[in-house]
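The values are calculated or read from the model by the stated rules, or taken from the named source; none is laboratory data. Bear in mind that the values here come from a model prediction, so they are computed numbers and not experimental data. Note that we place each Cβ from the backbone using ideal geometry, even for glycine, and neighbour counts take in every protein chain shown. Just the protein is used for accessible areas: all its heavy atoms, side chains included, with ligands, DNA and RNA removed. Shrake-Rupley method; radii C 1.70, N 1.55, O 1.52, S 1.80 Å.
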Amino acid sequence: MSWQFDSERPIYTQLVEELALRMVTGCYGPGSRLPSVRELAAEARVNPNTMQRAMAELEGRGLLRTERTSGRFVTDDLELLENEKRRLARVHVDNFLSRMAELGFTTEQALELAADKGVDNQ
Amino acid sequence: MSEHSPYLLEARSLTRSFGRNVALSGLDLRLAPGHIVGLLGPNGSGKTTLMKLACGLIKPTAGEILIDGEKPGPESRSKVAYLPDTSYLNDNMRVSDIVEMYADFYADFDREAAFSLIRDLKVDEKARLSTLSKGTREKVQLVLVMSRRAKLYLLDEPIGGVDPAAREYIINTIIGNYHPESTVLISTHLIYDVEPVLDHVLFLKEGRIVMEGGVDELREQSGKSLDALFREVFRC
């Protein structure tokens, strides 16, 4: 995974998305310690204040917790991670359905097509 | 001791003219510590004049500028690390000699950091400056500035002359050097390259600030990148 940004959207929002993705996919595993804000900012090549802000947002959602002396950790609440994963999945599904609607497919037709694709692959 | 100011740089109605040419006109500006600020504007918009005023190389025609609560002078110079847009080093010196000279001269200079940056950038430290390319010299100058532990860094076009790979390294150096107590002011027209590292920008046009704000807020309001916004504000 790499850090890539669309410069037309706030970087902060994109950092929140990317960090959440890394947590739900286990790239940063449950309960694991995250690199420091400075390290992550350097890796992503973004302003440390922006990274700090993204972390604060994830803390607010309970996905991250800060321990005063030892740093920031990914939550070990698996249910919370699963919920976040579903929330992210729903965004993709909504995007897919709205694209399909632009092409003139109803939700049922779109899902049928998607299911066909699944069958084809097997 | 001066009264404590929450701003590293504060300008009030700052004006500077050169003969009949007004380079800066009634500028009001406050920069708090802990930011990487972009100073963006076309040629002749007053970027270099602002930097020179901040480090005390020139004096205001009217209004005032304060660095950490004080007028620019010997005291403030120890807090400001300035990278001018021109070469100021003695061409006959070797890179390593210049680093040693800086280490002797500036109490806040981190000699080890400087040599490590020089090595990373693959600059031959035994080479005389006169034998180096323009871009390599720019790298050396930037290393000297970034190796100081100053409060205010003024970088005038720090990446203009260097190749994209070195540009990336330099930008990483600026992030790596980030400290909540210091602020970096970067002037450039290469907005695309610096966009992700800025958290605040000032758009300067004909000596005045025409737009200022948090980078993400500006992106959010306009739905545009800074680069696109710049082209819009400064359309010829």
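Summary table
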read-out	value
Between the stretch B:126-190 and the stretch A:1-75, the alpha-carbon center distance in angstrom	27 Å
Cα gyration tensor shape of the stretch A:79-121, rounded if a/c is under 1.5, else prolate or oblate by comparing a/b with b/c	oblate
Average partner coverage of B:211-219, which counts Cβ from other chains inside 10 Å	4
Over the protein assembly as shown, equivalent-ellipsoid semi-axes from the Cα gyration tensor in Å	43, 25, 21
Per-residue mean of C-beta atoms belonging to partner chains within 10 Å, peptide A:46-54	6
Two-site FRET efficiency, A:Arg87 against B:Phe18, from Cβ-Cβ distance with R₀ of 56 Å, rounded to 0.05	0.45
Lys/Arg +1, Asp/Glu -1 at C-beta; the stretch A:11-76 dipole; positive extreme among A:Gly31, A:Met51, A:Gly71	A:Gly71
Two-site label geometry, B:Glu217 and B:Ile58: point separation in nm, points 7 Å out along Cα→Cβ	3.0 nm
The stretch B:9-233: radius of gyration over Cα atoms, expressed as a fraction of 2.2 N^0.38 Å	1.01
Shape category assigned to the stretch B:1-40 from the gyration tensor of Cα positions, a/c cut at 1.5	oblate
Normalised per residue, the volume of the convex hull around the Cα set of chain A (Å³)	138 Å³
Amide hydrogen neighbours beyond the local backbone of B:Met211, cut-off 5 Å, H modeled	B:Phe203
Accessible area per residue, Å², the stretch A:11-76 with all protein chains present, probe 1.4 Å	44 Å²
Accessible area (Å², per residue) of chain B, counting only protein heavy atoms and a probe of 1.4 Å	46 Å²
Peptide-level mean, for B:29-42, of C-beta atoms on other protein chains within 10 Å	1
Distance in nm between pseudo-label sites at A:Arg68 and B:Arg235 (7 Å out along the Cβ direction from Cα)	5.6 nm
Lysine pair count for the stretch B:9-233 [Cα-Cα under 26 Å; pairs on different chains or 8 or more apart]	29
Potential lengthening between A:Leu80 and A:Ala114 on full extension [0.36 nm per residue; Cα-Cα distance subtracted]	9.5 nm
